[in-house]
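Here's the structure, in structure tokens; my notes come after.
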Amino acid sequence: MKIVNFENNLSFLITTYIVLLKQLDTATKGLWGKMNAQQMIEHMSDSVREANGKTLRTLVTPEENLPSMKEF
């Protein structure tokens, strides 16, 4: 299991990440996938809101499938 240093992650999000976003050209194409820069930022914002509990989702995976989904 990978140990995550949340303090460094929070520092990155508060400082470095914002600076990088401000430098992002809206015409920048992703290296893969179909999202444009705005969609990528919104996707990341949604993920952060879900991770910190500000956006709650309803569990749609049957409980018996959770162990294999978590392993995946």
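Odds and ends about this structure:
Listed here are the residues, each with its yes/no results for (1) open to solvent by 70 Å² or more (accessible area, probe 1.4 Å); (2) in contact (Cβ under 8 Å) with a residue 40 or more places away in the chain; (3) not in a helix (DSSP H, G or I).
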| site | (1), (2), (3) |
| --- | --- |
| 12 | yes, no, no |
| 16 | no, no, no |
| 22 | yes, no, no |
| 38 | yes, no, no |
| 42 | yes, no, no |
| 48 | no, no, no |
| 56 | yes, no, yes |
| 60 | yes, no, yes |
| 66 | no, no, no |
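- Taking the criterion of being more than 21 Å from residue 9 (Cβ to Cβ), of a type outside the set (S, T, N, Q) and modelled with pLDDT of 85 or more, the residues of the stretch 22-55 that qualify are 25, 31, 32, 33, 34, 35, 37.
The values are calculated or read from the model by the stated rules, or taken from the named source; none is laboratory data. All values derive from a computational prediction rather than experimental measurement. Virtual Cβ from ideal backbone geometry, glycine too; neighbours counted across all protein chains shown. In case anyone asks, the SASA skips ligands and DNA or RNA and just uses the protein heavy atoms, side chains included. Shrake-Rupley method; radii C 1.70, N 1.55, O 1.52, S 1.80 Å.
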